[in-house]
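For reference, the structure is listed below as C-alpha cells.
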Amino acid sequence: MDDIWSDKPGLPQVDWMAIDREVSLTARKYALKNAVDYGKAHEGSVLNKVISLYPEQKSDIKSLAKEVSRIVAEVNSLGKEALESEYKSFESEFAEEQKVKLEKTANPSMDLEGAVQGEFATRYPPAPNGYMHIGHAKALFLESESARRYNGRLFLYFDDTNPEKDKQEFVDKFHEALEWLNVKFDKEYYASDSMDRIYESARILISNGDAYACSCSADQIKDGRFNRKACSHREKPASESLGQFEDMLSGKYNENEMIIRFKGDMASENTALRDPTLLRIKNDSHYRQGAKYRVWPTYDLNTPVMDSLNGVTDVLRSKEFELRDDLARMILEKLSLRVPRIHSFSRLVIKGNITHKRELNALIKEGEISGFDDPRLVTIVALRRRGILPQAIRNFVLKLGMTKTDGTVSIDALLAENKKLIDPIAKHLFFVANPREVIVDGVDSLEIKLKLHPSSDMGFREYKIGRRIFISEEDAAGLKDGDTVRLKDLMDIRIISIGSTIKAQKSAEVQRGRIIQWVSEGNFMECSVSIPETPLDDNGKFDKESMKIEKGYVEKYAKEINEHEIVQFERFGYCILDKKASNEFILTQK
C-alpha cells in the first residue's frame, strides 16, 4: 500500500499501530485544525470528530483513543511555524467542508413545498412603525435565501396602511438597515400607493355579498365574535353596505362609526374567520399620502391583495399568522385572484431581550436605555453599533431555517457566529481595567515590537518601555510578595512588595505560568468600555445593572484604529470603537 503521506512532503512519518492509515490521517488533520483554532488541540474534540466520520471505529475505541492521544501530543509539541505549515496543506479541504456545512445547516429545513425553480417570487413586508430588529432579519434572510435557492425574485413591500403609526423615519431606518445587511431587491412598492385598487377589491367583495358595512361598537363586535353570534348587519342588502362604504370614503362617518367586515364563518373554531374587519376610518395624516385617504385597509385585506397583484408566488411568514392563512385564501378566492403558497416558520425570540415598540419607547422615555441603538438591544441599529456583522446575523438565522418549533434562543448563538468572522480580522491590543502602577527595577529602556495579530500579517506596534508600567486591578489583586509572572510578550518580573504602587524586579526566570497584560508609561490612553448584558432578568423585569462601564488604559496604538473598527483587548474581549474623540469602546463579546 502506498504511503498515505507521500503527497504531503515534509509531514512526519507515523507509527500507525492497529488503526487504519486513513483514520490516523484524519485524526491528525483535525488535531491540526483544533490547535490552530484554539491554540491547543484537545483529545476529546478530535476523538469525537473521528468517531463521527468513522463510526465503525467505536468497536475498538480503546485503540482509537490511544492513537488520537498520541497524535494530539505530537501536534501540541509542534512549533508555531511547523504547525501553520502543516495546517496549510489541509486549508483548502477545511474551506470546502465549511462551505458544505453551511449549505447543510440551512438547506434541509429550507425546502418550500410546491415552490418552482425559476418561477418563484416572494416579498419582505415591513410595517414602517418601528425599528428593524433581529426577528425581522430572520424573515428577511429566509426570504432572500429562498429567492436565491429557487432562482426567483425578492420584493420589498412596505405594509403602510396605519397612518397613526407609520412614519417616513421608520421607512428610512429600514432602508439603512437593509443596505447594511446587503440585501438587494428586484422591486419596491408601498400598500398606500395602491389604495384605489384595494378599494376596488372591497367594492367587489361587498357587491358579491362577501363583505358588509357594520356600525356596531367595538364591545359589541368583540362580544359577538367571542360568542360566535352573527352581527345584525350581516344580512343587509349588498347595495346598502356598498352605499355606506361610499359614505365612509366621502367623509360622512367619523372614526369608529362604520367599518367593513368580511363575511366569514362565525361558527368557526378559527377566530380569524369570525367576520374580521377589512377597512376602518382613520383621520390621521399619512406620512406618504397626507390627507388623501381616510379609509384604510387592515392587514387581512391589503396584504393578500397586494401579494396577488404584485406577482408573489410564495409567502414566508411567522407562524403567528397561521390562523389568518385560511382567511387570506378565502378573500383571494372570493376576488378571483391568484392565491400564493404560504410557508410558516417560528418566531425568533432572544432570551432576556425586548423587541416590542411600546416597551422600548417606555424604557427610552424613562431614561433606562439610551435609544433604539442601545447595545443591549437586538434592533439592527443596536447590533450594528455593538459590532455584530451582517454575515453573522445571516448565518445565525439561516441555521434556524424554516422550522416551526417554538423556542427561546440565547444571544450567545449569534455571538458565536460573529466571533468566527471577527477573530481573523481584529487587531490585538492590551487593555488594563482599573490600572495599578508597577515599578520594575532593572529596566532602564527597552524597545519592543508586538504583532497586531498572532496569526495574520497585519503589521506591528512598537514602543519604548521604561520601568513604570500598569496592570489591571484584577491581576494585581492576585499577586503576593515573591510571585513571578510574565508580562505578555515583554519579560518576567518578580514581585518585591505590594502597596499603592507595586514594586517588582526584572526576572531571569522563564515562566510558563501566569501571563498578564500591561501598558507602559507614555504609551497608553485613558478609555472606557461599555459592557452590555441582556436587559431583562429571569423574571422579565428590566435589569438596571445590565450596562456596566469599565475604565482603564489602552495602549496608544488605539489612536490608529478607525471609529467603528473592532479590536480584541486580549484576555478581556472584542471591542468596537464607538466614539473616537472620547476613546469610548463597547464590548462586542467576550
- Query: From the Cα gyration tensor of the range 252-409, with a ≥ b ≥ c the square roots of its eigenvalues, which class applies: rounded if a/c is under 1.5, or else prolate if a/b is larger than b/c, or else oblate?
  - Reply: oblate
- Message: Can you say what percent of the DSSP beta bridges in the chain, counting only those with both residues inside, are antiparallel? Round to 5.
- Response: 65
- C-alpha center-to-center spacing [the range 481-497, the range 210-254] in angstrom: 83
- Query: Given Cα pairs under 8 Å that are at least 6 residues apart, what percent is the relative contact order of the range 21-89?
  - Reply: 40
- Item | the chain, relative contact order in percent, only Cα pairs under 8 angstrom and at least six apart counted | 10
- Task: Provide the packing ranking of 454-462, 266-274, 157-165, 132-140, i.e. peptides ordered by the mean count of other C-beta atoms within 10 Å per residue, highest first.
- Result: 132-140, 157-165, 266-274, 454-462
- Note on the structure: Taking His286, His233 and counting other beta carbon atoms within 10 angstrom, the fewest-first order is His233, His286
- Query: So what J values fall out for the range 573-588 if you push phi through Karplus, 6.51 cos²θ - 1.76 cosθ + 1.60 with θ = phi - 60°, rounded to Hz, Gly and Pro as x?
  - Reply: x, 7, 10, 10, 6, 7, 9, 5, 4, 10, 6, 9, 10, 10, 5, 6
- Task: Order by neighbour count: Asp314, Asp489, Asp172, fewest other Cβ atoms within 10 Å first, most last.
- Result: Asp172, Asp489, Asp314
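We did not get these values from a lab; they are worked out from the coordinates using the rules stated. Bear in mind the structure is a predicted one, so any value in this text is a computation, not a measurement. We place every Cβ from the backbone using ideal geometry, glycine too, and count neighbours over all the protein chains shown.
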